[in-house]
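Written out below as structure tokens is the structure these notes cover.
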Amino acid sequence: MAIDGLEIVVVGAGGMGALFGAILAEGGLPVTLYDTNAEHIDAIQRSGLKIEGFGGNRTLEIAATTDPSSLPTANVLLFQCKSHATGPAATAVRHLVADGAVCISFQNGLGNEEALAEIVGEENVIGGLSTMAGCLLGPGRVQDFSRVASYIGEMPGGVSDRCRHIAASFTDAGLETYVSADIRRDIWKKLLGNIAMSAVSGTTDLTSAACLNIPELKTTSLRALDEALAVATSHGIVLDRDEALAGMVAISEPGGTGDNKSSLCVDILNQRKTEVDYIYGSVIALGRENGIATPTLETLASLVKGIESQYV
């Protein structure tokens, strides 16, 4: 599918979605934010999107809506909603895909691309990943923590012209993006970091950096990572443990993304449904299919489920 000048709709404009949209809009690309959080969108429409932290505090005038039928023509849809909202969100913007838009998932966990493909077709879905951190501070307010590279790629593998064009356009706009020839493997690499840190942060209300400074929590994180590595190997995804450890440390460095609490932790603090089923549950299920024990993952998931039961 040919993609010329990019017109972008961010589907799910929370902390990460709004931040991605802001970076691309500041870089000169036309961007519209779409979210079902009326209070958040209303604040952006009234007073602009307020960004704090990395790059300096600033306010950005950016298009935003809660009405999918009012969305303009777009050829790139960035899915950054919670994983459990992927189906309804894809259905809401399916008319844009019918007009030629491609969907890129920058979401947590496993299964998002498959959920999108069921609604919009496999040929219209590109995989993506990023370890950048953004946090919704309140209606119309997000925190920017740092800049790290993001990746996109065709789900069957290989490098396509459309991915090259999108990645180059994103990079030119200030969102450093590369094309991955094996995006499934790279999604697993990011997943390992989420598995190691998300529930540990969520159940303790600590930042990633703080978690790794407590020996007992670090041990738990490493056990979770090793169980997920074993599941990945049984599923035909070959990953290097040292590389995975380096990735975990990188997203936990103080002074950057490590100063952020996991998105799962933020969901718990705001009494929202978490993505535990997509980050942990999907790996636990694959482990059972392939005869791989995951006691640490099951314990972490059950603790998160217990906390959720108090408000969901």
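Results, tabulated for the structure shown:
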| read-out | value |
| --- | --- |
| Some residue of segment 6-18 being modelled with pLDDT of 95 or more, surrounded by fewer than 17 Cβ atoms within 10 Å (Cβ to Cβ) and farther than 22 Å from Phe145 by Cβ | no |
| Candidate set from segment 68-100 (those that are in contact with a helix residue (DSSP H, G or I) (Cβ under 9 Å, 6 or more places away or on another chain) and either of a type in the set (S, T, N, Q) or outside the structural domain of Cys135 (by TED's automatic domain parsing) (or both)); member that is surrounded by the most Cβ atoms within 10 Å (Cβ to Cβ) | Gln80 |
| Selection count, segment 137-146, where residues are of a type in the set (A, V, I, L, M) and crowded, with 22+ Cβ neighbours inside 10 Å | 1 |
| Test result for Gly236, over 19 Å from Ala199 (Cβ atoms) and either among the basic types (Lys, Arg) or modelled with pLDDT of 80 or more (or both) | yes |
| Exclusive hit being over 23 Å from Glu298 (Cα atoms), buried (at least 22 other Cβ atoms within 10 Å of the Cβ), at pLDDT 90 or above and not charged (D, E, K, R), set Ile195, Ile183, Ile187 | Ile183 |
| Residue in segment 125-145 that is more than 28 Å from Glu39 (Cα to Cα), aliphatic (A, V, I, L, M), modelled with pLDDT of 95 or more and out of contact with any Ser or Thr (no Cβ under 6 Å at 6 or more places or on another chain) present | yes |
| Residue that is touching a helix residue (DSSP H, G or I) at 6+ places or on another chain (Cβ under 8 Å), surrounded by 19 or more Cβ atoms within 10 Å (Cβ to Cβ) and either outside any helix (DSSP H, G or I) or assigned by TED's automatic domain parsing to the domain that holds Gly134 (or both), where the choices are Ile268, Ile279, Ile292 | Ile292 |
| Residue count for segment 191-215, restricted to those that are of a type outside the set (S, T, N, Q), assigned to a helix (DSSP H, G or I) and more than 24 Å from Ile292 (Cβ to Cβ) | 5 |
| Long-range neighbours under 7 Å by Cβ, at least six apart or interchain, first residue assigned by TED's automatic domain parsing to the domain that holds Ala250 within segment 200-217, second among the acidic types (Asp, Glu) and assigned to a helix (DSSP H, G or I) | Thr207/Asp259; Ala209/Asp259 |
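The values are calculated or read from the model by the stated rules, or taken from the named source; none is laboratory data. Since this is a predicted model, take the numbers as computed values, not measurements. Methodologically, a virtual Cβ is constructed for each residue, glycine included, from the backbone with ideal geometry; neighbour enumeration extends over all protein chains shown.
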